[in-house]
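Have a look at the structure below before the remarks.
Each value in this text was obtained by applying a stated rule to the coordinates, not by laboratory testing. Keep in mind the model is a prediction, meaning the values are calculated, not measured. Here Cβ is always computed from backbone atoms with ideal geometry, including for glycine, and neighbour counts include all displayed protein chains.
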Amino acid sequence: MKFKIALLLMLITNMVYAQSTEYYRMEAAFLYHFTKYMHWDELDTQKEFVILILGNSEIVEELQVVAELRKVVSGKKIVIKKIDSETEIQPAEMLIITEESEFGNKYLIEKCNKFHIPIISQNMELMNKGAAISFIAKESKLYFKINKEILEKLGVQVATELEKMAIK
C-alpha cells in the first residue's frame, strides 16, 4: 500500500513538473513570436536584442533554448540575462518579472521607463501596476493581455494582429 501511494505521488509530481515545464516553454515561444509583431523605436541603434529576467523561474532556461535555436530578432543577436534585483536593470528590449519576484516597486518602474523597457509579467494583476504584457494560464491554455498605452509610451509599436490575439 505504501508503495502504491509513493508511486502515485511520484506520478503526480512528474505530471505537475511536465505541465509547468510546458507552460514556460509555451511562454518562451509566445515571447519570441511577439517580437515579430512588435517594433522597438530604439532597436536600430542596438547590437543585441536583450531580454532581462528578474527572479528565478524555468522561463530562464526556456528562453535560453529559444535564443540558441532562433539566434536573432530583427537581425540582432538574442541575449538572455538573469538579474536578481532592480538595481541590475540595464538597457534591454524586455524585462520579464517572474512569479517569484516582487513587483510594484516604484524604482523598478522608473528605471524601466528610463530605459524604455516593457515589463512582461507572469501575473495578470500586474497590468494595473505598470506591466505592458501579462500572461495567464487557464484550463491548460496560455493567454496574454497587452497594455498598448504603456508600450507606445516606451516607444514600442504593436501590430494589429498581435492585439487581436490578446484577451481584453
Paramagnetic label zone (point 7 Å from Cα along Cα-to-C-beta, LYS168; backbone N under 14 Å) in region 120-154: 146
Principal axis dimensions, largest first and in whole angstrom, of region 2-165 by Cα: 61, 34, 32
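Highest mean first, how do 135-146, 28-39, 52-63, 157-168 rank when packing is the count of other Cβ atoms within 10 Å averaged over residues? Each step should come with its number before you reach the end.
On the way: 135-146: 14.1, 28-39: 17.5, 52-63: 20.3, 157-168: 12.1.
With the highest mean Cβ count within 10 Å placed first, the list reads 52-63, 28-39, 135-146, 157-168.
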DSSP bridge orientation in region 2-165 - percent antiparallel, rounded to nearest 5: 40
Label-to-label distance, nm, for residues given as LYS153 and GLU125 (7 Å Cα→Cβ offset): 2.1
Relative contact order [Cα under 8 Å, 6+ residues apart], the chain, whole percent: 20
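Once a ≥ b ≥ c are taken as the square roots of the eigenvalues of the Cα gyration tensor of region 43-126, is the result rounded (a/c under 1.5), prolate (a/b larger than b/c) or oblate (a/b not larger than b/c)? Write out the running numbers ahead of the final one.
Working: a/c = 2.15, a/b = 1.31, b/c = 1.65.
Cα axes put region 43-126 in the oblate bin.
Could you work out how much longer the chain between VAL79 and MET26 gets when fully extended? Use 0.36 nm per residue separation minus the Cα distance between them, nm to one decimal. Before the final figure, lay out the partial values.
Numbers: separation 53, 0.36 × 53 = 19.08 nm, distance 1.87 nm.
Value of the extension gain: 17.2 nm.
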Sites VAL72 and ILE109, calculated FRET efficiency, Cβ-Cβ separation with R0 41 Å, nearest 0.05: 0.90
